[in-house]
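Student: Here it is, the structure in full.
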Amino acid sequence: MKIILCITGSIAATEDLKLIHELQRHNFDVECFMTDAACDIITPLSMEFASKHPVTTKLTGYVEHVINAKADLIVVAPATANTVSKFANKIADNAVTTLLLTANGYRTPILFVPSMHISMYHAIEDKINEIKDKYSEVTFLEPVNSENKAKFPDKRDIVLEVERRVSQQKLEGLNVVVATGATFEAIDDMRGITNRSSGKMGIELAKEAYRQGANVTVVCGRIDTYVPSVFERIDVESTDEMMEVIKSTIYEADIYISAAAISDFKIDKKDGKLSSDNDISVKFTKLPKVLKEIKEINPNIYVVGFKAEAAKTQEELIAKAKDRMEKYNTDLMIANDILTEGAGPGSDDNEVYIIDENDVVSKVELSSKRHVSEEIIDKIYDSI
């Protein structure tokens, strides 16, 4: 897919070399337009080396603003207050603003990534809201509010937003809640029991749902992976906390994905720190399954459950998954064997069996968790 990256005169333009490489790693072909102010900060030659395409800084008889106006997506990153204001007022006085005006006439999707002092951002918020209200194909990625600046977002967040803007929007407008990560049950104020879940599978599912147009809330236990800032994130520690948050968030949800490694037992916690000089006994009390209560709270929600087992055979794994699916009334069940080489807890890959409500079993061979999440989201899309 072709992306036109418009670079304007913010110091955040220095981040665009990394952004181009990240977009290329996700199979986007990137070409650049630059304003004169951007050229004062980073050279067009640098952008040409990164993108492997000539950079447009001035319009010529080749009418670059016309031939590039129907790209798959135009990304303005960084977008200065000057450029945003010019777009709002239909001003075309350089290569970038002329391209934007032409693209807007074609209703080409445009993504602005503002970066400026926070006071300037507040000053143009009325223009941003005006643009949002007027043009559904124009979107803004919220900057990071830090050190009194509206800072450039993480490049991973920008790429995720780009992928969302060019996707098929299979889950457009749906509210998706994803529980992920491991819960932690305290023994005392220092020690506790948890598990080896990294949260990677859940976050990949959340990312794929977001790419496909969903509004995503992630309920995170202990995780060992990056969580995009575009999600609504709720952090919890114990199983009780996770259950409480899940129950309060699923009322308005359309889809619930239970990818968290939630503890099956609660511990009678002791205050302070237990002495290590003596043997201790810890009492485990079985906890209710939150998955069992989801449909009771929201009968219309689509529920995806996970069953991780150390299974001796494929048949045993699938049988246990089907049993849980029936017991907890889920619409889809994902089964995985934690003993599969290369697919254990914390790994970047997984191998799963997808069991649907018609008892059809589909195997996703060992592959990246991103690919596995794509297969699962496609299955959800086919079912809802």
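Student: Are there any trypsin sites (Lys or Arg not before Pro) in region 310-349 that are in a DSSP loop and have at most 13 other Cβ atoms within 10 Å? List them by number.
Tutor: Listed in order of number, the matching sites are Lys312.
Student: A further question on this structure: Rounded to the nearest 20 debye, what is the charge dipole size of the chain about its Cα centre when +1 sits on each Lys and Arg Cβ and -1 on each Asp and Glu Cβ?
Tutor: Roughly 460 debye for the chain.
Student: Something else: May I ask you to derive the FRET efficiency for Asp36 and Asp235 from their Cβ-Cβ distance with R0 = 41 Å, giving the value to the nearest 0.05?
Tutor: In this case the efficiency is close to 0.40.
Student: Pull up the cross-link candidates among the lysines for Lys155, meaning alpha carbon to alpha carbon under 26 Å and not fewer than 8 places away within one chain.
Tutor: Lys2, Lys18, Lys52, Lys70, Lys86, Lys127, Lys132, Lys170, Lys200, Lys207, Lys369
Student: Under 5 Å between amide H atoms, partner at least 5 residues away or on a different chain: which partners does Asp72 have, H built in plane at 1.01 Å?
Tutor: Distant-sequence amide H within range of Asp72: Lys2.
Student: How fast does region 2-165 diffuse by Stokes-Einstein, in µm²/s, taking the Kirkwood radius from C-alpha pairs at 20 °C and 1.002 mPa s?
Tutor: Taking Rh from Cα pairs, D becomes 139 µm²/s.
Student: Stretched out fully, how many nm does the piece from Lys270 to Lys58 gain, at 0.36 nm a residue minus the Cα gap?
Tutor: 69.3 nm
Student: Taking only Cα atoms, what is the 0 to 90° angle, nearest 10, from helix 239-249's long axis to the longest principal axis of the chain?
Tutor: That helix lies at roughly 50 degrees to the long axis.
Student: Given R₀ = 25 Å, FRET efficiency for Thr285-Lys363 by Cβ-Cβ distance, to 0.05?
Tutor: 0.10
Student: Work from the charge dipole of region 2-165 (Cβ charges, +1 for Lys and Arg, -1 for Asp and Glu, about the Cα centre) and give the residue of Ser136, Asn94, Pro78 farthest towards its positive end.
Tutor: Of the options given, the answer is Ser136.
Student: Let me ask another. Note the angle between two axes, namely the Cα long axis of helix 314-328 and the longest principal axis of the Cα atoms of the chain, as a number of degrees from 0 to 90, rounded to the nearest 10.
Tutor: For 314-328 against the chain, the angle is about 90 degrees.
Student: What's the exposure ranking of Met333, Met190, Met201, Met120, going from fewest to most Cβ atoms within 10 Å?
Tutor: Met190, Met120, Met333, Met201
Student: To continue, here is another question. Go through Ile338, Ile355, His371 and say which Cα lies farthest out towards the positive end of the charge dipole of region 308-384; charges sit on Cβ, +1 for Lys and Arg, -1 for Asp and Glu.
Tutor: Looking along the dipole axis, the top candidate is Ile338.
Student: Please order Phe33, Phe87 by the number of other Cβ within 10 Å, starting at the fewest.
Tutor: Result, fewest neighbours first: Phe87, Phe33.
Student: Karplus couplings for region 300-308 from phi (6.51 cos²θ - 1.76 cosθ + 1.60, θ = phi - 60°), rounded to Hz, Gly and Pro as x?
Tutor: Here the 3J(HN,Hα) series is 8, 6, 8, 10, 10, x, 10, 10, 9 Hz.
Student: If we sort 50-60, 369-379 on the protection proxy, mean other Cβ atoms within 10 Å, highest first, what's the order?
Tutor: 369-379, 50-60
Student: Return the loop-located chymotrypsin sites (Phe, Trp or Tyr not before Pro) in region 213-310 (DSSP other than H, G, I, E, B) with at most 15 other Cβ atoms within 10 Å of their own Cβ; answer none if there are none.
Tutor: Taking region 213-310 and a limit of 15 other Cβ atoms within 10 Å, the loop chymotrypsin sites (Phe, Trp or Tyr not before Pro) found are Tyr226, Tyr251.
Student: Between 0 and 90 degrees, rounded to the nearest ten: what's the tilt of helix 200-211 against the longest Cα principal axis of the chain?
Tutor: 40
Student: Continuing with this model, one more query. Calculate how many DSSP beta bridges within the chain are antiparallel, expressed in % of all such bridges and rounded to the nearest 5.
Tutor: If we restrict to bridges inside the chain, about 35 percent are antiparallel.
Student: Evaluate the distance, in nm, between pseudo-label points positioned 7 Å from the Cα of Ala92 and of Val66 along their respective Cα→Cβ axes.
Tutor: 1.0
Student: Rounded, prolate or oblate: which one fits region 237-378, using the alpha carbon gyration tensor with axes a ≥ b ≥ c (rounded when a/c is under 1.5, else prolate when a/b beats b/c, else oblate)?
Tutor: In terms of gyration-tensor shape, oblate.
Student: What FRET efficiency, computed as 1/(1 + (r/R0)^6) with R0 = 41 Å and r the Cβ-Cβ distance, is obtained for Asp189 and Asn148, rounded to the nearest 0.05?
Tutor: 0.65
Student: If you don't mind, another one. Need one number: nm distance between label points at Ser136 and Glu326, each 7 Å from Cα along Cα→Cβ, rounded to one decimal.
Tutor: Here the modelled spin labels are 4.5 nm apart.
Student: Are there GluC sites (Glu not before Pro) in region 236-297 that DSSP marks as loop and that have at most 12 other Cβ atoms within 10 Å, and which are they?
Tutor: Sparse-neighbourhood loop GluC sites (Glu not before Pro): Glu252.
Student: Going by how many other Cβ atoms sit within 10 Å of their own, how do Asp331, Asp337, Asp93, Asp356 line up, fewest first?
Tutor: Ranked by crowding around the Cβ, least crowded first: Asp93, Asp356, Asp331, Asp337.
Student: About the Cα centre, and with charges only on the beta carbon of Lys, Arg (+1) and Asp, Glu (-1), how big is the dipole of region 272-345? Nearest 20 debye, please.
Tutor: In debye, rounded to 20, region 272-345 gives about 300.
Student: Any idea what the dipole of region 175-383 comes to, in debye rounded to 20, about its Cα centre with Lys/Arg Cβ at +1 and Asp/Glu Cβ at -1?
Tutor: So the dipole magnitude of region 175-383 works out to roughly 320 debye.
Student: Determine the calculated [θ] at 222 nm for the chain from helices alone, applying -39500 (n - 2.57) to every DSSP H run no shorter than 4 residues and normalising by the residue count; nearest 500 deg cm²/dmol.
Tutor: -10500 deg cm²/dmol
Student: Over the C-alpha atoms of region 28-93, what are the Rg and the largest Cα-to-Cα span, Dmax, in Å?
Tutor: Cα only, region 28-93: 12.2, 33 Å (Rg, Dmax).
Student: P(r) of the chain in 20 Å steps, Cα pairs, percent per bin?
Tutor: Whole-percent P(r) values from 0 Å outward: 26, 46, 25, 3, 0.
Read the figures in this text as sums done on the coordinates, not as results from a lab. Since the structure is predicted, the reported quantities are computational estimates derived from the model, not experimental observations. We place every Cβ from the backbone using ideal geometry, glycine too, and count neighbours over all the protein chains shown.
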